[in-house]
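Here's the structure, in structure tokens; my notes come after.
The values are calculated or read from the model by the stated rules, or taken from the named source; none is laboratory data. This is a predicted model, so every value here is computed, not measured. Reconstructed Cβ throughout: ideal geometry from the backbone, glycine too, with neighbour counts over all protein chains shown. All accessible areas refer to the heavy atoms of the entire protein, side chains included, with ligands and DNA or RNA removed. Shrake-Rupley method; radii C 1.70, N 1.55, O 1.52, S 1.80 Å.
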Amino acid sequence: NTTEPAVAVETLDDVPEHVLRGLPEDVRLFPSAVDKTRLGVWATKSILKGKKFGPFVGDKKKRSQV
């Protein structure tokens with residue numbers, strides 16, 4: 001029997017309060033479609049191109065880095 005090591009799964013408890021407060025009304029955090037151990041950002045309705053929200057805290061990544 002080989003058992004795989006437990007994988008930590010990110011939850012809303014791991015998200016800093018300022019991040020949750022900064023989310024627009026129509027944006028939610030749910031499990032990522034790319035990595036089920038992480039949270040992803042999901043829109044509950046269409047977001048117009050150019051819509052801004054924030055403030056952004058963290059390191060910006062190029063599209064090729066994500």
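For residues that are of a type in the set (A, V, I, L, M) and either open to solvent by 90 Å² or more (accessible area, probe 1.4 Å) or out of contact with any strand residue (DSSP E or B) (no Cβ under 9 Å at 6 or more places or on another chain) (or both), tally how many sit in the range 13-66.
So the answer is 5.
Output the residue which, of all residues in the range 27-46 that are in a loop (DSSP other than H, G, I, E, B) and more than 23 Å from Val7 (Cα to Cα), is nearest to the chain's Cα centre (by Cα).
Start the filter on the range 27-46 by keeping residues that are in a loop (DSSP other than H, G, I, E, B), which leaves 32-38, 44-46.
Restricting the remaining residues to those that are more than 23 Å from Val7 (Cα to Cα) gives 44-46.
On the way: Thr44: 14, Lys45: 16, Ser46: 17 Å.
Among residues in the range 27-46 that are in a loop (DSSP other than H, G, I, E, B) and more than 23 Å from Val7 (Cα to Cα), the one nearest to the chain's Cα centre (by Cα) is Thr44.
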